Amino acid sequence: MNKKVVIIGCGNVGMSYAYALLNQKTYANELVLIDLDVERIKGEVMDLNHCLAYSPSKLKIKVGTYEDCKDASLIVIAAGVNQGPHDSRLDLLNNNSKIFKSIIKSVKDSGFNGIFLIATNPVDIMTYIAQKHSDFPHEKVIGSGTSLDTARLRYIIGDKLDINSENVHGYVIGEHGDSEFIPWSNVMVGMQKIDDFLSKKEMQDIGIEVKDAAKEIIAKKGATYYGIGMCLVKITNAILGDENSVLVVSNYDENNDVYIGLPAVVNASGIEEKIYFNLTPEEEQKLQHSIDIIKEAQSGVDFGE
């Protein structure tokens, strides 16, 4: 069965994702790269193909056009303007929304009928824009959401407690941005509540560290891309492998008409179902605040053709 992945936008994020696919076992068997800078992408494809002799993933990799989207299983969009040192993710909205209108139209014109996975920031709103312009079912348009923030959280806790981060269970939820937060009432190490390991002050400090991680990385090296590349592979494998994995991704909240980072079951259908868990009244307020910020930002977007 053909499981073609098309990457649209092959800058730091797109190429980190492509390289991460090569370094892991993946269900994908074909990888197509689309970018405005065709000559550079030809070089990227050559470089990636030269990895295949030592890669656990046996992929057919090539430079493509929008015609290649027609029979793709998954399209990953990482195109857009990069976040600068003084930019919030929401500052990127106006420029990236214009870019998306053109991309989604070209993909749709190809006859594509698979699943969209969005990585471009601000990812929650860009996922909303992708759904509006594609008119695909909401469950077939997914954003990377707070999957990276969640990975950062688990790493930091694991590092602090000297515990494998795979055994840290908890999520960062809400906007992938400044209003994201950690519902500490649901964070556990193994089956033990996090309160047995960390003080309130330590939790507050970790929350700040997680939220400010991207800004710190951007200030030091100009952009973040390795982490999100790995997160995209995790989501890709959940989709192509029909894994029914619980991942914290941008999924649609019909009550508020927004996409927002919350845990969901991800499989070959896209979002199979949402995972609901209890929040404290304070956490409920934080989630609503995050929803309100996204709604306000997307209210000024022109969705006309």
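The values are calculated or read from the model by the stated rules, or taken from the named source; none is laboratory data. Quick caveat: nothing in here was measured; it's all calculated off a predicted structure. Cβ placement follows ideal geometry from the backbone for every residue including glycine, while neighbour counts extend to all protein chains displayed.
Could you count how many residues in region 187-202 are in contact with a strand residue (DSSP E or B) (Cβ under 8 Å, 6 or more places away or on another chain) and within 18 Å of residue 283 (Cβ to Cβ)?
Number satisfying all stated conditions: 3.
Give just the number: which of (1) more than 21 Å from the chain's Cα centre (by Cα); (2) crowded, with 24+ Cβ neighbours inside 10 Å does residue 172 not satisfy?
Here residue 172 meets the rest and fails (1).
Checking the structure you have, find out if any residue of region 238-248 is surrounded by 14 or more Cβ atoms within 10 Å (Cβ to Cβ), among the hydroxyl-bearing types (Ser, Thr, Tyr), in the same structural domain as residue 294 (by TED's automatic domain parsing) and in contact (Cβ under 8 Å) with a residue 24 or more places away in the chain.
No, every residue in region 238-248 fails to be surrounded by 14 or more Cβ atoms within 10 Å (Cβ to Cβ), among the hydroxyl-bearing types (Ser, Thr, Tyr), in the same structural domain as residue 294 (by TED's automatic domain parsing) and in contact (Cβ under 8 Å) with a residue 24 or more places away in the chain.
From the set of residues in region 1-48 that are in contact with a Phe, Trp or Tyr (Cβ under 6 Å, 6 or more places away or on another chain) and not β-branched (Val, Ile, Thr), which is nearest to residue 218 (Cα to Cα)? Break it down into steps so the answer makes sense when it comes.
Quick first cut of region 1-48, residues in contact with a Phe, Trp or Tyr (Cβ under 6 Å, 6 or more places away or on another chain) only: 3, 12-13, 16.
Among the residues that remain, those that are also not β-branched (Val, Ile, Thr) are: 3, 12, 16.
Numbers: 3: 34, 12: 12, 16: 16 Å.
If we take residues in region 1-48 being in contact with a Phe, Trp or Tyr (Cβ under 6 Å, 6 or more places away or on another chain) and not β-branched (Val, Ile, Thr), then 12 is nearest to residue 218 (Cα to Cα).
Do the conditions hold for residue 222, that is, is it modelled with pLDDT under 95 and farther than 20 Å from residue 288 by Cβ?
On the way: modelled with pLDDT under 95: yes; farther than 20 Å from residue 288 by Cβ: yes.
Spelling it out, residue 222 is indeed modelled with pLDDT under 95 and farther than 20 Å from residue 288 by Cβ.
When you go through 141, 210 one by one, which is the residue that is of a type in the set (A, V, I, L, M, F, W, C), within 22 Å of residue 258 (Cβ to Cβ) and in contact with a Lys or Arg (Cβ under 6 Å, 6 or more places away or on another chain)? Quick ask: steps written out before the conclusion?
Values: 141 fails: in contact with a Lys or Arg (Cβ under 6 Å, 6 or more places away or on another chain).
Going through 141, 210 in turn, the sole match is 210.
Yes/no matrix, rows are residues, columns are (1) of a type outside the set (S, T, N, Q); (2) closer than 26 Å to residue 187 by Cβ; (3) in contact (Cβ under 8 Å) with a residue 60 or more places away in the chain:
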site: 99; (1), (2), (3): yes, no, no
site: 110; (1), (2), (3): no, no, no
site: 122; (1), (2), (3): yes, yes, yes
site: 145; (1), (2), (3): yes, yes, yes
site: 148; (1), (2), (3): yes, yes, yes
site: 151; (1), (2), (3): yes, yes, yes
site: 154; (1), (2), (3): yes, yes, no
site: 157; (1), (2), (3): yes, yes, no
site: 164; (1), (2), (3): no, yes, no
